[in-house]
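All remarks here apply to the structure that follows.
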Amino acid sequence: MDPVIVSHSHTLDYLNNPSPRTLGRSPLEWLNQLQRPTVIRVAGRDPSRTRAMATLLHGNEPSGLFAIHRWLMEQHTPEVNLLFLLGGVYPAKIPPTFSLRQVPGGRDLNRCFKEPFEREEGAIARAILDELQTANPECLLDVHNTSGTGPAFAVTITNDAAHQALASLFTDRLIMTDLRLGALMEYSEQEVPTVTIECGGAQDDHAHQLAYEGLVRYASQSDVLSLEKAEWNVAVLRNPIRVELASDATIEYRLTPSGHADLTFPPDIENRNFGIVSPDEPLGWVGQKGLDVLTAISHNRTENMEQVLQIRDGRIYPAQAIKTFMITTNPVIAKSDCLFYAVKATGDPIF
Ligand SMILES: [Zn+2]
């Protein structure tokens, strides 16, 4: 069957049951052919049901696109209809390919899924929501990559059996958040189980492989919403705090502090991702300014940092046993986004 491309309202393109010879020889060739955010529909064995999967909402997070390309090339027939939504085609295509989260000067598409749908990214978000309304899927995945390397995890605003079952197609860690940012996963409020999947680092082959294997499970299982069918037990981490570094602070990654930085982490700090750190295990070192260069934020509120971290002899220790994740050794991300997230070792919120 030849692809049917219909340029619709100048916002989205459509591919229906695309044949492998229309997909390029590689995901990169395929991306070169795509002209705008694209909807791909694949007919399933049971045409009365549909599952949706969005990806590439951030143009520098390719695992989901790689997985969809590979899966389409293999010509699977899914158990139910599949609706793929490729959001950030514009930033992804800007050379060097897959290097930009959003177009320069543009909005973060995964903050645009709420009123007032301003600017081009708002229009794309609204068009994606319209597609979902029309398709009425039984569930929705949004597949991303993390900034640093580290194990995969899922994020949800709703922690119930259906959301845990969806997460378990990819990972055994589910982060539940009460924060509302205008992210696509907030589609969960439409009574459609929705989870974000963070597959691991954008450069990691194992993240691409995980996205593919999860998609195979998502497409081939007759029931993806029952916990009895889940592959793994899911650990739920509730309302993590964000630990941020002051924008004028300096950070270095060294085995011992040089004495010139406000914060020093060991180069292997990423090994702390999803591990439990006890109050007698040092995480790193602070400089002259102590903990003042760090902020703990929960639900958009600034909290007392000393309930999270404490300083002894210039070293940083957890104030209680904590579980940390999304630690990065990329100093640009550490400063522009956040240093790491943390919950109590039990998975409960610190605040
Ligand atoms: Zn992302």
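Any read-out appearing in this document is the output of simple, stated calculations on the displayed coordinates, not a laboratory observation. What you are looking at is a predicted structure, and each value in this text was computed from that prediction instead of being measured. In this analysis, Cβ positions are derived from the backbone assuming ideal geometry, glycine residues included, and neighbour counts consider all displayed protein chains.
A few points about this structure:
- Net +/- balance of residues flanking Val80 in space, Cβ distance below 11 Å, scoring K and R +1, D and E -1: -1
- Listed peptides 29-36, 149-156, 46-53 by packing density, highest first (mean Cβ within 10 Å): 149-156, 46-53, 29-36
- Distances between placed amide hydrogens fall under 5 Å for Leu309 paired with Ala319, all partners being 5 or more residues away or on another chain.
- Residue exposure proxy: Cys338, Cys112, ordered by other Cβ atoms within 10 angstrom of their Cβ from fewest to most, comes out as Cys338, Cys112.
- Using the Stokes-Einstein relation with a Kirkwood hydrodynamic radius computed over Cα pairs, the translational diffusion coefficient of the chain at 20 °C and a viscosity of 1.002 mPa s comes to 102 µm²/s.
- Its DSSP H runs of at least 4 residues, each contributing -39,500 (n - 2.57), put the calculated 222 nm mean residue ellipticity of the chain at -5500 deg cm²/dmol, to the nearest 500.
- Across the chain, C-alpha contacts under 8 Å between residues 6 or more apart give a mean separation that, scaled by the residue count, equals a relative contact order of 14 percent.
- At the listed q of 0.13, 0.24, 0.25 Å⁻¹, the Debye profile of the range 77-169, built from one uniform point per Cα, gives log10 I(q)/I(0) equal to -0.59, -1.36, -1.36.
- Estimated FRET transfer efficiency when R0 is 56 angstrom, pair Glu29-Asp313 (beta carbons, to 0.05): 0.50
- Whichever lysines have a C-alpha closer than 20 Å to that of Lys335, once near sequence neighbours (fewer than 8 apart) are set aside: Lys289
- Degrees separating the helix 119-135 axis from the principal Cα axis of the chain, which is the longest one: 60
- Taking θ as phi - 60° and the Karplus parameters 6.51, -1.76 and 1.60, the scalar couplings of the range 335-351 work out to 8, 8, 9, 7, 6, 6, 10, 8, 10, 4, 4, 6, x, 7, x, 6, 10 Hz in sequence order, x denoting glycine and proline.
- 0 to 90° range, to nearest 10: angle between helix 205-220 axis and the chain longest Cα axis: 50
- Counting other Cβ atoms within 10 Å as a rough exposure proxy, the listed residues Ile350, Ile333 run Ile333, Ile350 from fewest neighbours to most.
- For the peptides 208-215, 125-132, residues were scored by their other Cβ atoms within 10 Å and the scores averaged per peptide; the highest-first order is 208-215, 125-132.
- GNM remark for the chain: springs join alpha carbons under 10 Å apart, and the peak mean-square fluctuation among Gly259, Gly182, Gly88 falls on Gly259.
- Using the Cβ of Arg107 as centre and a radius below 15 Å, the other residues enclosed give a net charge of 0, where K and R count +1 and D and E count -1.
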